[in-house]
Amino acid sequence: MEVSRRAQAIRPFVVMDLVARAKELEAEGRSIVRLEIGDPDFPTPDVIMRAAETAMADGSTHYTQSLGLPLLRDTLVTHYAEHYDVAVDSDNIVVTQGTSPAMLLLFGALLDPGDEVVMPDVCYPAYPNYVNFLGGVPKLVPARASDGFRCRPDEIRAAIGPRTKAIMINSPGNPTGAVLGDSDLAALAALAEETGVYIASDEIYHGLDFCGPDRTILSYTDRAFVLNGFSKTYAMTGWRLGYLISPPEFVRACEKIQQNFFLAANAFVQHAAVAALTEAKPDVARMRAIYDQRRQYLVPALRELGLTIDCEPSGAFYVFADARVWGSDSLALCRRLLEEAGVACAPGIDFGDGGEGFLRFSYGTDIDNLREGVARLRAWANRAV
Ligand SMILES: Cc1ncc(COP(=O)(O)O)c(C=O)c1O
């Protein structure tokens, strides 16, 4: 009996193999500077922890409504009004166990077999995997470093065909840290309205934009799904909470998927998320300022090592650097850096063929680690290149 074709088609996330190897080396006593993971090093802010403890003590340990706690959905409505000046209807919000399950709801509600989703190459690898898994077809459009990792509008337009249901965007982006500006979002919204496709906007790194205000696609068009979650901005990756804001015509479909596959998101974590939205603003500002200091250290430090960074990251906590000066096979290079330099980073190939030759460095780790990582890379490059 064979593994299903659907499961076989999922591309492995090779950075996870590197994580496993890094842990093995650490268990053998080697010191490894871990720059490969997209997980904030900050503890979850106290106000959020306390809200979860209180909610548990108060008995919030049972199923909630499948769409999510009304209190959290109402708090999200207030958050969108205050943070973006956008009116969201609480009926269109589905609370999920992380942004990842929200992708299953979105694509599950939207795609029939053979339907297409236009997305950037490079992008977060779950997007093409989800689309493939559901029988859809990812249509990749190059996002070149020389264009600031933005897809060219004419290439997006050319990729849209009769079976296209959505254009996937992610700003600030993983793995690039690139941010789409006002005119980019306005142009995408106009294209969606002209062609009748939806924009699927992953906004999980909102709150971590160093150069300007967060911009939600909902300020530009209603033909949009928003994916978001608490993992990154609030340092809550392990809590598993996210949400989908859907056009009204898809909410019932999403609700049915949620009811059957997940039932509901964690009850006390939903209460903690209310505290995140209402009480953790100073914590988010503090973490953002620290990430920004790290970014300002790491970008020039990597350039000094000889890596090319055409597009300076302005959001999230990643630097996506062209490392072909050290080797063009990004996975082989990552393996060498791990074994020979004791530095773990993510291979660009994980994020699409367009990422080959690049390395992703995460600065979700403290500045001393970053300095140590850079020193090790410098010593390695002097020896090996
Ligand atoms: C762009 C992007 N979207 C979604 C996710 C997954 O987030 P969650 O922890 O909410 O499932 C990640 C995690 O790295 C990400 O980088």
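The values are calculated or read from the model by the stated rules, or taken from the named source; none is laboratory data. All values reported here derive from a predicted model rather than from experimental measurement. Cβ placement follows ideal geometry from the backbone for every residue including glycine, while neighbour counts extend to all protein chains displayed. In case anyone asks, the SASA skips ligands and DNA or RNA and just uses the protein heavy atoms, side chains included. Shrake-Rupley method; radii C 1.70, N 1.55, O 1.52, S 1.80 Å.
Observations on the structure shown:
- Helix content alone sets the calculated 222 nm mean residue ellipticity of the chain: runs of n ≥ 4 DSSP H residues at -39500 (n - 2.57) each, divided across all residues, give -13000 deg cm²/dmol.
- For the chain, lysine pairs with C-alpha atoms less than 29 angstrom apart, excluding pairs fewer than eight positions apart on the same chain, total 8.
- For region 280-380, alpha-carbon Rg and Dmax in angstrom: 13.7, 43
- The Cα center of region 332-369 and the Cα center of region 2-35 differ in position by 13 Å.
- For region 163-177, putting each phi into the Karplus relation 6.51 cos²θ - 1.76 cosθ + 1.60 with θ = phi - 60° gives couplings of 8, 6, 9, 7, 10, 8, 10, 8, 9, x, x, 9, x, 8, x Hz, in residue order, rounded to whole numbers and with x for Gly and Pro.
- For the chain, dividing the convex hull volume of the Cα atoms by the residue count gives 150 Å³ per residue.
- Gyration tensor (alpha-carbon) shape descriptor, region 137-268, a/c threshold 1.5: oblate
- Length added when fully stretched, Gln296-Ala20, from 0.36 nm per residue minus Cα-Cα: 96.4 nm
- Cβ-Cβ distance of Ala381 and Ala289, R₀ of 25 Å, FRET efficiency by 1/(1 + (r/R0)^6): the value works out to about 0.25.
- Between amide H atoms placed 1.01 Å from N, distances below 5 Å from Val33 occur with Val343, Ala344, all of them 5 or more places distant or on a separate chain.
- Here the spin labels are modelled as points 7 Å beyond Cα on the Cα-Cβ line, and at Ala190 and Asp154 they lie 1.6 nm apart.
- Accessible area in square angstrom per residue, the chain, 1.4 angstrom probe: 42 Å²
- Amide H to amide H, with H built 1.01 Å from N, Ala143 comes under 5 Å of Asp121, Val122, counting only residues 5 or more places away or on other chains.
- Accessible-area composition of region 208-352, carbon plus sulfur, in percent [1.4 Å probe]: 49 percent
- Rounded, prolate or oblate (a/c below 1.5 giving rounded, otherwise prolate when a/b exceeds b/c) for region 1-139 by Cα gyration tensor: oblate
- Table column - 3J(HN,Hα) (Hz), region 340-346, Karplus curve with 6.51, -1.76, 1.60, x for Gly and Pro: 8, 10, x, 10, 9, 9, 9
- Anisotropy class of region 200-283 from Cα gyration tensor, a/c 1.5 cut: oblate
- Placing R0 at 30 angstrom, the Cβ-Cβ distance between Ala332 and Ser31 gives a FRET efficiency of 0.85 after rounding to 0.05.
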